[in-house]
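Contents: one structure, followed by commentary.
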Amino acid sequence: MLGNFIDRVLKKEWSDEKIQKYVGSYKASYLAHATDSLIRRNAASGGVTSSLLIHGLRSSIFDGIVVCKTVLVDGKVRAKLEIVTTVDEVLEAQGSKYVETRFLQEVLPLLRSFKGRVAVVGLPCDISALRHRCDKEPALANKVVLTIALFCGHNSRTGLVDEITSQLERETGQKLKDYKFRVGHWRGRLKADFENGTTISKPSKFFNDYQNLFFFCERKCMACSDHYGYHADISIGDIWLFRLRKDPIKKSSLVVRSEFGEKLFRSALDAKRIMSEDIDIRDIMDGQSRIGPSHYNVTARARVGRLFGLKLKDTVNEPVALHAYFNAFMTIANMRLAEKSWGQKLIFIIPRPMLKVALYFKKALESLK
């Protein structure tokens, strides 16, 4: 009851124009989750992405899937893109990945050498770049039969995860063996396994407080307006509605954009691999009400970026309110601070309570109309 009341109080007005602008074209929108509890166990958000992909493999709708895994390279957590062909490999790749990739550089050789049809999971910018390349290469387009975009506020450089994992190693006195950015219900927890068998689990905010303040943000994210994945067949992401917080099974919001995406969704639903309910796209936007419009507003960042010697192409020509300028200033200032060696040292000596105050202030700026 309280959650419903809070959602009603915080609900925003989303015109058809704003839906088209922020979300793009779509056919239907749903709340969904995997029916298999084992698939949900290590998922970041209900396991619906994994369940759709596993169903597609088992039904021979596609033969392989481009996924992003985290691997250790010289003891450091790094992203690695692979084409997987088994259920176990899909499950191994579960969970959020807040670390930079070189998507096309890694994926294009994989796709060109793979014999068969492929589904691709990526961030909105990754899917858009792949679609653009497919327009130029018909053979590539024939291989890529499905694209799933994950809602994305921005991605982080490796310096952030390197410092966080170093802190965990100092805490245990052990070398890292495996790392997951976020698993579990609602905001979730990070999980780190060490060589002596020790496991540490901490609230995801241990990493995400820095990430949400845009420390170590990739520069390319400053010029991106695509939060929901305009060019995908299906877009999937978290839905932060208070009425869902106490739900024992975490739900994902799912936006179907193409006929093929609808076909896969319906097939998985009929096979009882997923459960879903219809939801108004405006409720999904309410569940991303801060970061969605803020992400879209490249104009604010382009104008503020000049103060920091950062040239950004304004692709949206969005009106900029005063609070949006302040938010953009905070975003770019934090990103630029992390680009300096002295700035990185400063960031990690800031007391956690001060980080939390800064994050609440930023969220307040993003919440203003």
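The values are calculated or read from the model by the stated rules, or taken from the named source; none is laboratory data. Keep in mind that this is a model prediction, so the values were computed, not measured. Methodologically, a virtual Cβ is constructed for each residue, glycine included, from the backbone with ideal geometry; neighbour enumeration extends over all protein chains shown.
Can you say whether residue 214 is among the aromatic types (Phe, Trp, Tyr), touching a helix residue (DSSP H, G or I) at 6+ places or on another chain (Cβ under 8 Å) and in a loop (DSSP other than H, G, I, E, B), as far as the supplied structure shows?
yes
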(message) Given the condition aliphatic (A, V, I, L, M), surrounded by fewer than 21 Cβ atoms within 10 Å (Cβ to Cβ) and not in a helix (DSSP H, G or I), answer yes or no: does some residue in segment 165-177 qualify?
(response) yes
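Looking only at residues that are in a strand (DSSP E or B) and surrounded by 21 or more Cβ atoms within 10 Å (Cβ to Cβ) in segment 184-211, which one is nearest to the chain's Cα centre (by Cα)?
Checked segment 184-211; the qualifying residue nearest to the chain's Cα centre (by Cα) is 190.
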(message) Please go through (1) under 21 Å from residue 231 (Cα atoms); (2) assigned to a loop (DSSP other than H, G, I, E, B) for residue 83 and return the number of the only condition it doesn't satisfy.
(response) (2)
(message) Quick test of your reading of the structure: residue 18 fulfils all but one of (1) in contact with a Pro (Cβ under 9 Å, 6 or more places away or on another chain); (2) assigned to a loop (DSSP other than H, G, I, E, B). Name the failing condition by number.
(response) (2)
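Return the residues of segment 187-244 that are without any contact (Cβ under 8 Å) to a residue 12 or more places away in the chain and closer than 26 Å to residue 119 by Cα; say none if nothing qualifies. Steps first, answer last, please.
Filtering segment 187-244 for residues without any contact (Cβ under 8 Å) to a residue 12 or more places away in the chain gives 197, 199.
Residues satisfying the conditions do not exist here.
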(request) Confirm whether residue 332 is surrounded by 18 or more Cβ atoms within 10 Å (Cβ to Cβ), in a helix (DSSP H, G or I), of a type outside the set (S, T, N, Q) and assigned by TED's automatic domain parsing to the domain that holds residue 16. (result) no
(message) Looking at segment 125-156 only, could you name the residues that are surrounded by fewer than 18 Cβ atoms within 10 Å (Cβ to Cβ) and either aromatic (Phe, Trp, Tyr) or touching a Cys at 6+ places or on another chain (Cβ under 8 Å) (or both)?
(response) 140, 141
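Which ones in segment 95-122 are part of a loop (DSSP other than H, G, I, E, B), of a type outside the set (Ser, Thr, Tyr) and in contact (Cβ under 8 Å) with a residue 60 or more places away in the chain? If you could, list the steps in order and put the result at the bottom.
Initial filter on segment 95-122 (part of a loop (DSSP other than H, G, I, E, B)): 95-102, 114-117.
Subset that is of a type outside the set (Ser, Thr, Tyr): 95, 97, 99-100, 102, 114-117.
Hits for segment 95-122 are 95, 97, 99, 100.
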